[in-house]
Each structure stands twice: as C-alpha cells, then as structure tokens.
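Read the figures in this text as sums done on the coordinates, not as results from a lab. As the structure is a computational prediction, the values presented were derived from the model and not from experiment. Quick reminder, even Gly has a Cβ in these numbers, built from the backbone with ideal geometry, and neighbours come from all protein chains shown.
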Amino acid sequence: MPTLKFAVLAGDYIGPEVMTEALRVLAHVARQENLTLAYTAADVGGAGIDRHGKALPESTLKICAEHDAILFGSVGGPKWEKLPPHEQPERAALLPLRKHFTLFANIRPGLLYRELTEASPLKTSRIPDGIDIVCIRELTGGVYFGQPKQTTTLPDGDVQAVDTMVYRRSEIERILAVAITTARARKKKLCSIDKANVLETSVLWRKTVNAYVAHHAPDLELSHMYVDNAAMQLARNPNQFDVFVTENMFGDILSDEMAVICGSLGMLSSASLGASKNSLGLPFGLYEPAGGTAPDIAGKGIANPCAQILSAALMLRFSFGLEKIATRIEAAVRKAVTSGTRTSDIAFGTDAVGTKAMADAIIAQL
Ligand code: NAD
Ligand code: IPM
Ligand code: MN
C-alpha cells in the first residue's frame, strides 16, 4: 500500500480553510485507492510568527525536509503587515522555503473549461473552447533574491531603496530545461517572455534561450515576446501561447493575469520543483495555489478550494508518480464546476456555494 508522506503548511487566513478541503479530497481518494496518507502539519507564515515567534520555524523546515513533498496554503496578510519587511510571512517564510529547497521551476497551468467561459472577463467569442496554456516561472532568482537589497539614507538626507535583478546563465538554462519538457509534452511551442529591449538580465535571458533551444530542442517552435506586449497579448488572444517561460517577477504578474482570464485566482494551482529527489526517487516539490490568503473573504467559508485541491493533484502527479489519480481529481473538479456547483468567484449567474459544499461536490464526482 503506497504511503504519501508530505508536510502540510496551511498558513494564514483562507490557507487553512482551503487546506481542510484538499485534505478531505485526498483522504477520500486514499480510501478508494488503498493509499496511506502520512502527513504532518506544521506552522508557517503568520501562524509561525504567532506560535513560534518566526515565520519559518526550524521545526517546520525540519518537517519539510523529512517528507516527500510540501502541500502549502498561503501566507501573509494585514495582521503582520506592520512587522519589519524582512520579518513578514512572505519574505521570511515562503521565499526562504523556495530558496532552501532550490525550487526554481514554478509550473502554473492556465486552464479555463469550455463550460466556464462566462466566468472569464474575456468575451466567449474570443475563447470559444476555453483556455489551455502553461506558465513556467523561474522562482529562485531575479529581483526577488538579488543582492544588494536594502534601504539607505543618503548623505543629502534623501532615502534610497535598491533591489537587484540578477541572473546567471546556468539559472536560465535549468528553467529552460523544464519549459522544454513541458512544451514537448504539449504542442511543441514555446514563447520566452523578457524585456530584452531594456534589461541586461533579459539580454542574457534571450541569448541563452536562443542558444539552448537551438542546441537541445530544435524540434520546438520558439518565439520571444517583450513582457509588456505579452500582458496585452494574454488578454487579446491567450491561446496564441501554449507554454510560456519567464523570469520570476514577470511570471508572478503574468500568472495573476492568466488566472483571471481563466476565471479566477481561486482556480490557479501550482507546482514548484527543483533538482532534488524525494525518498521515492521522484521530484521533491512544493504545491500551492498561485493566489494569496484573500483576507477580504477569509473566515466566511466562501473561498474557492479548487486551486488547493488541484495543487494536491499536482503533488500526486509529480512527487508521488500517481498520474491516474491526479487526473481523476482534475476531472472531478472539472465535472463539479461545469455541472453547476461553483463558489462565488466563478458563479456568475448561478447560485454560489461555500468552500465545503464545493469540495463535497468534487468528492461526489470521484
Ligand atoms: P490574494 O491573491 O490573496 O487576493 C486577490 C483577490 O483574489 C482577492 O479579492 C481574493 O478574495 C481573491 N481570491 C484569491 N484566492 C481566492 C480563492 N481561493 N477563492 C476566491 N477568491 C480568491 O492577493 P492579495 O489580496 O494581494 O494578498 C493577500 C495576502 O496574501 C498578502 O499578504 C500577500 O502577500 C499574500 N500572498 C500570499 C501568497 C502565497 O502565500 N503563495 C500568494 C499571493 C499573495
Ligand atoms: C506568488 C506570490 C508570492 C510571489 C509572494 C507572496 C511572495 O505572489 O506565489 O505568486 O510573489 O512569488
Ligand atoms: Mn503572485
């Protein structure tokens, strides 16, 4: 009987609400498929600060290292916004966690079901068959991590803040390898998004992409696009992309745009992978919704649990090699949503249900 050993880091605000439902879905498939769930919950983010005085307690990091994957909720929110910036949950927990495990490849599938096109702000006539694209975001480099990163008072009394955007060729090559594998499994089309008309890092990015793809993936149809144009093209005709690959901050911004054209941030799952393998010899990964803690709707029982449930499916696929079960969960989410059970963020015209009822409908489809 296969054992699924993963760390559960639910985090803050809606994090625990949607995590509860993802765990219920996993418990259900575990019973059906004769799997053993062996997960350990640990505090992270604001919950870490409140209970241990630290957003990423050592005990949490240890639990993550001892398991085969991390199922993550989301962290941060108004309660901790007055802390010094480097102590806040996002910068003190999530970014160090990604860096610690070198989770450089963030895969975000932009999928809008055909039956759900009215939940997209785009006209149905532009996306008659829905949307099916993938964002590959570099996750451990760029302006998020480059040094120096500081605020100083200048001799003339003015104040200056610096962030530094840095990329090494090797960092670009390793994210490209993931993008190539993803593109090969789909339409063999890859678009690299940069700002090579302005940024040195983007000049290196584009040069590296051209050389690497020419050498390792001449079978792919490669294109390049500036990020400002890409933001516009995503809204104009998202399906012109199949797989796009981009640096950390561009990927952060473009993936939120991708989420909303695909209906809601509450539907966007993600997998963050690196080079390390777990005890099963499969990729160790962190799986989290792309959206945040949604403090505006937290505590009301109305958050959409689909992104968390779909992230759990990605965990089964990548870190446990359970492709069939992952696909079964994805199909159940699709069936539940398209047969009319929807949380308010994707309801548009139908009656909305709450977080728990949404998960109940998914479980009923399994
Ligand atoms: P957000 O993603 O939390 O929310 C943006 C909007 O999307 C809100 O209106 C929210 O209600 C809605 N939304 C998000 N997820 C939803 C869901 N599952 N169901 C229904 N609606 C949903 O972004 P924000 O408001 O800018 O950030 C809130 C906090 O979350 C901040 O502290 C931010 O730093 C943090 N954050 C954390 C993560 C993470 O931990 N991975 C990601 C993004 C933001
Ligand atoms: C995301 C989030 C994070 C990011 C924040 C919370 C640090 O917005 O995962 O998209 O910018 O990477
Ligand atoms: Mn983001």
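If the cut-off is a Cα-Cα distance under 17 Å, which aspartates and glutamates reach K324, setting aside same-chain residues fewer than 8 apart in sequence? In chain and number order, the partners are E33. If only the Cβ of Lys and Arg carry +1 and only the Cβ of Asp and Glu carry -1, the dipole of region 121-261 around its Cα centre is close to 580 debye. Residue by residue, region 302-307 carries 3J(HN,Hα) couplings of 10, 4, 6, x, 4, 4 Hz when phi is fed to the Karplus relation 6.51 cos²θ - 1.76 cosθ + 1.60 (θ = phi - 60°); x denotes Gly or Pro.
Which pairs in the list K5/K188; K54/K82; K79/K277; K5/K300; K5/K277 are over 24 Å apart, alpha-carbon to alpha-carbon?
Working: K5/K188 34 Å; K54/K82 15 Å; K79/K277 36 Å; K5/K300 31 Å; K5/K277 14 Å.
The pairs that break the limit, which is 24 Å between Cα atoms, are K5/K188; K79/K277; K5/K300.
Return a whole-number percent for the relative contact order of region 121-261, with Cα pairs under 8 Å and 6 or more residues apart as the contact set.
On the way: 210 pairs, mean separation 50.8, N = 141.
Normalised by residue count, the contact order of region 121-261 is 36 percent.
Just how large is the dipole of the chain about the Cα centre, in debye to the nearest 20, putting +1 at every Lys and Arg Cβ and -1 at every Asp and Glu Cβ? Display every interim value, and only then the final one.
Numbers: 38 positive and 39 negative charges, 188 e Å.
I would put it at about 900 debye.
Each label point was placed 7 Å from the Cα along the Cα-to-Cβ direction; for R126 and E33 their separation is 3.7 nm. Simple rule: put +1 on each Lys or Arg Cβ and -1 on each Asp or Glu Cβ in region 121-261, find the dipole, and look at T164, N197, V245; the Cα lying farthest toward the positive end is V245. Taking 7 Å steps out from each Cα toward its Cβ at F348 and L83 produces label points 3.7 nm apart.
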